[in-house]
Structure formats: C-alpha cells, structure tokens
Amino acid sequence: MKLFNFTTLTAIGLLSSSLLAMPAFSASFDCGKASTWIEKTVCSNSELSQLDENMAKKYKAELASADNEDYSQNHRVITKNAQRQWLKFQRNTCQSEACLIREYQEYLGKKSLNGVTWGDAESLSTSELPNKTAFGKFATTVNISMYNPDTQRWEDTGKVTNAVSIHKVSDKPYLAIIDGDLIFTNAHSCSLDNEKAMWSENHWVLNDYQAGKTVELRLYPAIYQGKTQLLFKDINNDYRESRCGMRGYFDGIVMDNK
C-alpha cells in the first residue's frame, strides 16, 4: 500500500482549504479576485450573483444601443456616467444584502420600492443609521441658459449656485429636515422648504402625495476622494413635476459637501 508523506498531505490540505474558500457563485467579475465587502457579498449570494450578471448584460446592451443611435458618442458618455453614478452612490453605499438586492432590482427595472423600508425606525442600530457625512450643506455651480426669442437661440446668462442643507433632528437620528434653493433652465426656480426626510439604509427619502399616489425624491450621500457628495434621484421624475413643474429637473444632480 502506498503511503502519503507529510509534504503530500500538507499540499492536499492546502488545496482543500483553498477550494472551500473559493466563492460559490459567479458574477460579472472574477470572484477569485473579490476584495471589497460588496464584491464578496455578491459572490457568496446566488441571487445577487445572478442580479450582477443581469446588470452587466443590461449595461452592455445599453452601450451597444448608444453606438447605433445618432450622436452616439454623447449617448455613450451619458450611459457610462449613469453607470458610474449607480455604482458609486447606490450600489456601493449599501451595507446589507437586502439593500444590494433592492438596488439591483431597481436598476433592472424589476421593482420600484418607494418609501422607507424600515418597519420600526426607533429600533435601528447605530450601523443602520446615517453617519455625520449624510448631514450638512451641499452645493454645485451650474450655468443657466435662457431662450432668446429674438435670436431664437439658447444663451448662457451666467452661473448660479444650487444648494441644499440637511439638518439633524434632535433625538431622531433617522430623520432630517431639508432646505434648498435651485435654479434651472430659463431661470426657473424651485425650493425645498423645511421638508422632512427619513433615512432608508443608504439614502434620504422625501415623499409627497399627489393625485392619490406617492412621489419620491431620494438623496444618496457617498464619499469620493475623501469628500462627501450627494446624488439626487427623482423616481420617474414625478417629484419635480409635482413640486417644481416641468422645468425643474432634480434627477442626476450631484452636489459637493461645503
């Protein structure tokens, strides 16, 4: 009978350990090189792995579609920027599997989960509550265009600063009061005046009720190069229509912490 020596047994043991440590599922990236909590979680959860693969397929299809359209270079840039925003502000700010699943499902258009997901906000743990970077003043400088009926052209009229402030609520760490002033095309202005927002895992939620339905604006804070930024997501663009009219446009705005 052939005997295994110590070196052989050690090699077999190391191989077995490495096989056990390998991710169980595939994804749109190499799970063998997963390093972040997000990547490791996606690789270890079969549902998330499939969602990630579907996300990659949709993104590639959107890039291909952009290449086939007029002004394809501009559409391609817009598609890439939207993907980077989703990864940075929405997916990569999650700290739970449930949050990741929600963000992937919404990306794929399978589900729109309006409103706050917490059943009992009073019982949230410290890790589930917003940290200090989710509060403060955020602003961005934009160029304002006005339509000149005499020349029948859009003309730049100068720069303005759009800003919002997210204030803490005493003894209610999951709540915030939001104020802001924004100016859009044709100098159309819109204000957020003492609006109540509730934290929902990785973003603030502002709800309004119009014509029997809930309209929702989300504010996603994320840290980039050591500085906090804030992304506005207007679900179906309904919030801007109910609060600011057609000329107001919240979705996709990114502001820097000041």
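The values are calculated or read from the model by the stated rules, or taken from the named source; none is laboratory data. Nothing here was measured: the structure is a model prediction, and the numbers come from that model. Cβ sites come from the backbone with ideal geometry, for glycine too, and all protein chains shown count toward neighbours.
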Next item on the list: Mind listing just one residue for me: the one in region 206-250 that is charged (D, E, K, R) and touching a residue at least 40 places away in the same chain (Cβ under 8 Å) and, of those, nearest to Gln95 (Cα to Cα)?
Entry: Lys233
Notebook entry, point to check: What number goes with the only condition from (1) under 18 Å from the mean Cα position of the chain (by Cα); (2) surrounded by fewer than 17 Cβ atoms within 10 Å (Cβ to Cβ) that Gly212 does not pass?
Noted result: (1)
Notebook entry, point to check: If we only count strands (runs of 3 or more DSSP E) wholly inside region 171-216, which ones have 2 or more residues that are more than 19 Å from Gly248 (Cβ to Cβ)?
Noted result: 175-183, 189-199
Check: List pairs: first in region 129-142 and assigned by TED's automatic domain parsing to the domain that holds Asn202 and loosely packed, with under 14 Cβ neighbours inside 10 Å, second assigned to a strand (DSSP E or B) and of a type in the set (Phe, Trp, Tyr), Cβ under 9 Å, 6+ apart or cross-chain?
Finding: Leu129/Trp199
